[in-house]
1. Could you figure out which of (1) under 21 Å from the mean Cα position of the chain (by Cα); (2) surrounded by fewer than 20 Cβ atoms within 10 Å (Cβ to Cβ) isn't true of Ile222?
2. Among residues belonging to the range 237-284 that are modelled with pLDDT of 95 or more and assigned to a strand (DSSP E or B), point out the one that is nearest to the chain's Cα centre (by Cα).
3. Based on this model, can you work out whether Ala208 counts as free of Cβ contacts under 8 Å to residues at least 40 places away in the same chain and of a type in the set (A, V, I, L, M, F, W, C)?
4. Considering only residues that are in contact with a Phe, Trp or Tyr (Cβ under 7 Å, 6 or more places away or on another chain) and aromatic (Phe, Trp, Tyr), which ones fall in the range 203-234?
5. Hey, Thr292 hits all of (1) more than 22 Å from Ile112 (Cβ to Cβ); (2) polar (S, T, N, Q); (3) touching a Gly at 6+ places or on another chain (Cβ under 7 Å) but one; which does it fall short on?
6. Counting just the residues of the range 198-213 that are touching a strand residue (DSSP E or B) at 6+ places or on another chain (Cβ under 6 Å), closer than 22 Å to Leu246 by Cβ and modelled with pLDDT under 90, which one comes out surrounded by the most Cβ atoms within 10 Å (Cβ to Cβ)?
7. Yes or no: Val236 touching a helix residue (DSSP H, G or I) at 6+ places or on another chain (Cβ under 8 Å) and either surrounded by 20 or more Cβ atoms within 10 Å (Cβ to Cβ) or assigned by TED's automatic domain parsing to the domain that holds Arg290 (or both)?
Amino acid sequence: MSFSTGTDRSEPDRGPTLYVANFDFDDRLAKPAMTSLPMNLRTINARLAPMLQGLCGPDDAVALPGDWVKDAGRFERVEPWGVEPHVLAWLRTAGAGEASLSLLPDPAIVRIVNSRQWQWETEQALDLTSGEVSFCDSSEAVWNAVDSFADRTRGWVLKADHGGSGRGLRFGAGSPPEAVVRWADGCVGRGLGMTVEPRDDRAREYSAHLSVTDRGVTFEGICFLHSTPTGRFRSVEPLKHLSPALTEAVPVWTAVGEKAWSQGYRGPLGIDAAAAFGVVERPVRDVNARWTMGRLALTLGRKVSNP
């Protein structure tokens with residue numbers, strides 16, 4: 001399978017667009033009671049915001065959440081990195097038009113589709129897991145699942161709800177250190193779900209991208225994803241040609257998008273996958289109900305690296 005990458009950002013009917021650099025989206029979902037953004041997250045937003053400039057035509061703009069936006073009501077479309085209550089409240093305060101905000105997905109549905117539980121239930125419904133991945137909503141369940149990996153030399157991975165860019169991941173083998181125990185107990189104590197999974201460093205990572213609209217689900221393309229061993233983003237590059245194994249996985253990714261559509265989600269959907277030895281071993285490793293670096297790379301038609 002082959003296809004073109006890149007989007008014509010000069011399309012006449014798109015209208016002026018405000019892109020919002022709220023890369024703190026996952027952290028906001030993980031800690032909804034957080035009223036002010038910590039300095040480290042403000043720094044991340046400011047560091048990554050220039051990457052969105054490549055999306056802009058002459059009438060578009062990029063804004064950091066919380067900043068003043070000149071003539072915010074003129075934008076016919078608003079594109080946050082991810083939709084959640086804090087960014088919507090700021091957009092209204094900044095003067096964004098209700099017509100543009102009405103085009104955004106429901107933040108309550110975004111939260112559901114972006115969760116580990118939804119991902120795990122989707123894998124189960126599509127018969128994609130072998131039983132090695134456990135969804136846990138209590139400390140007891142987490143540590144029982146970790147104990148089941150005691151004999152695995154490659155160890156285990158803990159993934160908390162809404163853990164973007166590796167910040168919600170912990171890796172280990174055998175008994176977890178005390179710091180990991182405190183972290184995991186704190187996550188489930190705040191009501192966050194968590195998956196416990198076998199670690200597999202052999203896998204190559206890919207990200208598949210779909211658009212979910214009222215008309216249905218459109219497969220946009222796939223990227224090669226390069227991350228650090230602890231899950232932090234390094235770079236992503238669009239693929240113009242898909243291997244037979246990746247081509248066979250497209251209906252699976254489309255089915256994930258259709259499940260999100262059936263639950264009322266509308267917006268961008270990114271799905272991380274793992275492949276090894278020419279086989280897509282796990283087509284749904286992570287689901288992101290937001291923009292992603294892979295979607296950015298596909299839209300720009302070029303490789304994107306962590307600045």
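The values are calculated or read from the model by the stated rules, or taken from the named source; none is laboratory data. Keep in mind the model is a prediction, meaning the values are calculated, not measured. Using ideal geometry, Cβ is built from the backbone for each residue, glycine included, and neighbour counts are taken over all protein chains shown.
1. Against the list (1) under 21 Å from the mean Cα position of the chain (by Cα); (2) surrounded by fewer than 20 Cβ atoms within 10 Å (Cβ to Cβ), Ile222 comes up short only on (2).
2. So the residue we want is Gly270.
3. Details: free of Cβ contacts under 8 Å to residues at least 40 places away in the same chain: no; of a type in the set (A, V, I, L, M, F, W, C): yes.
No.
4. Within the range 203-234, Tyr206, Phe219, Phe224 qualify.
5. Looking at each condition in turn, Thr292 falls short on (1).
6. The initial filter retains those residues of the range 198-213 that are touching a strand residue (DSSP E or B) at 6+ places or on another chain (Cβ under 6 Å), namely 199, 202-212.
Retained after the next criterion (residues that are closer than 22 Å to Leu246 by Cβ): 202-212.
Filter once more, so that each one left must be modelled with pLDDT under 90: 202-204.
Numbers: Arg202: 11, Ala203: 17, Arg204: 15.
This residue is Ala203.
7. On the way: touching a helix residue (DSSP H, G or I) at 6+ places or on another chain (Cβ under 8 Å): yes; either surrounded by 20 or more Cβ atoms within 10 Å (Cβ to Cβ) or assigned by TED's automatic domain parsing to the domain that holds Arg290 (or both): yes.
It is true that Val236 is touching a helix residue (DSSP H, G or I) at 6+ places or on another chain (Cβ under 8 Å) and either surrounded by 20 or more Cβ atoms within 10 Å (Cβ to Cβ) or assigned by TED's automatic domain parsing to the domain that holds Arg290 (or both).
Yes or no, residue by residue, for (1) at pLDDT 90 or above; (2) under 16 Å from Asp272 (Cα atoms); (3) touching a strand residue (DSSP E or B) at 6+ places or on another chain (Cβ under 8 Å):
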| site | (1), (2), (3) |
| --- | --- |
| Pro105 | yes, no, yes |
| Trp118 | yes, yes, yes |
| Ala145 | yes, no, yes |
| Thr153 | no, no, no |
| Ser165 | no, yes, yes |
